[in-house]
1. What distance in nm lies between label points placed 7 Å from Cα along the C-beta direction at Val202 and Glu217?
2. Run through every distinct alpha carbon pair of the range 94-175 and return the Kirkwood hydrodynamic radius in angstroms, one decimal place.
3. Taking 7 Å along the Cα-to-C-beta vector as the label spot, tell me the Ala136-Leu73 distance in nanometres, rounded to one decimal.
4. Select from Ala57, Gln122, His111 the residue farthest towards the positive end of the dipole of the range 2-150; place +1 on Cβ of Lys and Arg, -1 on Cβ of Asp and Glu, and compute about the Cα centre.
5. Bin all alpha-carbon pair distances of the range 2-150 at 10 Å intervals from 0 and give each bin's fraction as a whole percent.
6. Could you list Thr201, Thr222 so that the one with the fewest beta carbons within 10 Å of its beta carbon is first and the one with the most is last?
7. Dipole size in debye (nearest 20) for the range 2-150 around its Cα centre, Lys and Arg Cβ +1, Asp and Glu Cβ -1?
8. Using the 10 angstrom Cβ neighbour count as an exposure proxy, how do Phe133, Phe97 rank, fewest first?
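Nothing in this text is a laboratory measurement; each read-out follows from the coordinates by a stated rule. These numbers come from a predicted model, not from an experiment. Here the Cβ is made from the backbone with ideal geometry for all residues, glycine too, and neighbour counts use every protein chain on show.
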Amino acid sequence: MNIVCIGAHPDDAEVFAGGTCVKWARQGHRALLVSMTNGDVGHHEMAGGALARRRAAEARLSAERGGVMDLVLDYHDGELEPTLPMRKRVVEIIREFRADIVLTHRPNDYHPDHRYTSILVQDAAFMVTVPNFCPAAPALARNPLFLYLMDSFTKPAPFQPDIAVDVTGVMDVKWSMLDAMESQVYEWLPWLDGTLDKVPTVCQTTTNCADRAGRREWLEKTWAPLFTEPTKKARARARKMVRKENGGQDPICGDLRDLRVWESAFDGGDQTFVSVLSGEAGVIWLCPRARPHGGLFECAASSVLSS
Ligand SMILES: [Zn+2]
């Protein structure tokens, strides 16, 4: 199976679906993390070509650590627009990778690049099957499944997961993928948040500084809520929905039967998979095992863009 996760910047796909893509890759599937822009304004000190090259190298290292593939397109950060040429580019990417599943942002988001990435993927969703549109790249015989990445936006509608993937077992890999995005997780994003002075610096010559392990420890501690909060929300929703499906009974967390159902749904890439996601066969939930920290969740599909 071929999975393409299309984010706006080098770090979006990694943040919102990195663990899920690692899981897919470990199951023998091909996972491609795409950035629609080169990220060349995503820093408070650097910019332009130097930053674009740095971020491309970070994305490459991150992908290597995760055992997935990466593609950073060379369009300016902050300038993405849902134009016809860009629609064709997205169609080509999805076709050339022979995608079975495509993930992307939801269309309501704080960042214009995220919004337009979502629009571009939506606009490509049907066109990938139209043979005479961009005929140089052979059309797909079957429409891929299009899924939205999780987010925390509440207007006009909050994200409501239909699927939740427990990534606790691959979080170590995911943290190392994010750790590779140095310009973002240790510089730009803390600067935006006004917390740059809290980031441990890497030891160079003095002894009064943290080492790389200390910095990563800071990363994990600071970012954990991003992945534990969806867990809490998913649990409440899962309990409600599964109870309905299950004659009023609570789901059994960590039941391997659920895992097998989940995996078989992904294995075939056939009608079973589609119907599970579209809810026709009921929504299958993978409940997190009881863990002290409650498990870590990421990447859930809020809805299916096209059947
Ligand atoms: Zn972004």
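1. Going from the Val202 label point to the Glu217 one covers 1.8 nm.
2. Kirkwood hydrodynamic radius for the range 94-175: 14.7 Å.
3. 1.4 nm
4. Gln122
5. Whole-percent P(r) values from 0 Å outward: 12, 43, 36, 9, 0.
6. Ordered by Cβ neighbours within 10 Å, fewest first: Thr201, Thr222.
7. On the way: 16 positive and 18 negative charges, 126 e Å.
Rounded to the nearest 20 debye, it is 600 debye.
8. Fewest-to-most ranking of Phe133, Phe97: Phe133, Phe97.
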